[in-house]
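Everything below concerns the one structure shown next.
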Amino acid sequence: IKTIGILTSGGDAPGMNAAIRAVTRSAIFSGFKVKGIYRGYKGLIDDEIVDFHTQNVSNIIQQGGTILKTARSKEFPTPEGHQQAYDNMKKEGIDALVVIGGDGSLTGARQFASEYDVPIIGLPGTIDNDLYGTDHTIGYDTALNTIMWCVDRIRDTATSHERLFFIEVMGRNAGFLALNGAIASGAEAAIIPEISTEVDQLAELIQNGFRKTKNSSIVLVAESPITGGAMGLAERVRKEYPQYDVRVTILGHLQRGGSPTAQDRILASRMGSAAIDALLEGQRNVMIGDANDEIVYVPFSKAIKNDKPIDRDLLNILRRLSI
Ligand code: F6P
């Protein structure tokens, strides 16, 4: 391997830039050449590829988003897309790829690597924290902190007006942001797709709170067809319990922006560096994971489409602390 191509794909996540910087500088440090591929797999097909030097990644560790831009490509998974991507890699002299992204991006990497002889190393870059084999993904901690910051502010107005707020957070099909966001912000409950919560159970919990000392309630709801989202849940509660003054806030793409936290910058730096170590060790088609604070190599087949379990102890803690 002489030249490594690097791309970001799928939804952006804070810390992606820190990862791009770490991969680029570690690669150059180890004697590789680096090429930056713009707009994810789409850029690989469209040949949007430029030489990357250490200065290309200067002054980006603190920036949210991704300087390489990102996209969700419909063309890449087709046979023609794969062929075009491979031809461009050959043309540009790229021998290996580092792909930073979430489940969809690593699924794309896995398919590509199964058809063409291309070593690929994946870095888990998603706010959702839904990749199996890693305790944390790059961007998750920053998103969690953003959620906490927002809920703290909503709490002020919820308390003043004695209202019940349903706050919807991202996570695609996973409840990590909702559950840990609820604990961090002292919410009454988290409605997550992994656990079914009946409206009655929820109302009982809230009612108990109101009856005792609380004059407001905050419930974090994970976006998902399973939970029904904050709007759906609020509708049901309004119908069955008209005594509550219910409001809904959907945090949306706010959660994807912002300067990465120290934790995300450090994780991205460790993982980016580990991606180059992995290539030097002859690894291919693995995702870099962080398990119990140690770097691990997780085969793509394990990392993706494999439901990462929710820590049930956290649910109990949330229940216990919301009395
Ligand atoms: O995977 C990251 C994520 O932010 C999910 O939490 C969310 O469901 C999705 O991306 C939103 O995608 P888009 O930015 O394309 O609307």
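Here are the numbers:
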| read-out | value |
| --- | --- |
| Breaking point among (1) of a type in the set (A, V, I, L, M, F, W, C); (2) at pLDDT 95 or above; (3) within 16 Å of the ligand (Cβ to nearest atom), for residue 275 | (3) |
| Check on residue 237, within 16 Å of the ligand (Cβ to nearest atom), more than 21 Å from residue 103 (Cα to Cα) and either surrounded by 14 or more Cβ atoms within 10 Å (Cβ to Cβ) or at pLDDT below 95 (or both) | no |
| Among the residues listed as 176, 165, the single one being aromatic (Phe, Trp, Tyr), surrounded by 24 or more Cβ atoms within 10 Å (Cβ to Cβ) and closer than 19 Å to residue 249 by Cβ | 165 |
| Identity of the residue in the stretch 12-42, surrounded by 24 or more Cβ atoms within 10 Å (Cβ to Cβ) and within 16 Å of the ligand (Cβ to nearest atom), that ends up farthest from residue 258 (Cα to Cα) | 41 |
| Matching residues in the stretch 244-272 - criterion: being basic (Lys, Arg) and within 16 Å of the ligand (Cβ to nearest atom) | 256 |
| Residue list for the stretch 156-202, filter: in contact with a strand residue (DSSP E or B) (Cβ under 6 Å, 6 or more places away or on another chain) and of a type in the set (Lys, Arg) | 163 |
| Number of the condition not met by residue 174 [criteria: (1) of a type in the set (A, V, I, L, M, F, W, C); (2) within 11 Å of the ligand (Cβ to nearest atom); (3) touching a helix residue (DSSP H, G or I) at 6+ places or on another chain (Cβ under 8 Å)] | (3) |
| Qualifying residues in the stretch 199-227 (those that are outside any strand (DSSP E or B) and hydrophobic (A, V, I, L, M, F, W, C)) - the one farthest from residue 323 (Cα to Cα) | 226 |
| One residue from 247, 256 being in contact (Cβ under 8 Å) with a residue 40 or more places away in the chain, closer than 18 Å to residue 187 by Cα, charged (D, E, K, R) and surrounded by 15 or more Cβ atoms within 10 Å (Cβ to Cβ) | 247 |
| Filter result (within 16 Å of the ligand (Cβ to nearest atom) and not charged (D, E, K, R)) within the stretch 183-228 | 190, 191, 192, 193, 220, 221, 222, 224, 225, 226, 227, 228 |
| Residue 5 among the small types (Gly, Ala, Ser), modelled with pLDDT of 95 or more and under 17 Å from residue 106 (Cα atoms) | yes |
| Wholly within the stretch 253-323, helices (runs of 4 or more DSSP H) carrying at least 2 residues that are among the aliphatic types (A, V, I, L, M) | 262-280, 312-321 |
| Residues within the stretch 91-150 that are part of a helix (DSSP H, G or I) and under 19 Å from residue 178 (Cβ atoms), tallied | 12 |
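Yes or no, residue by residue, for (1) closer than 30 Å to residue 165 by Cβ; (2) not small (Gly, Ala, Ser):
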residue: 255; (1), (2): yes, yes
residue: 265; (1), (2): no, yes
residue: 269; (1), (2): no, no
residue: 272; (1), (2): no, no
residue: 282; (1), (2): no, no
residue: 317; (1), (2): yes, yes
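The values are calculated or read from the model by the stated rules, or taken from the named source; none is laboratory data. Computed from a predicted model, the values in this text were never measured in an experiment. Glycine gets a Cβ as well: all are built from the backbone with ideal geometry, and neighbour counts include every protein chain shown.
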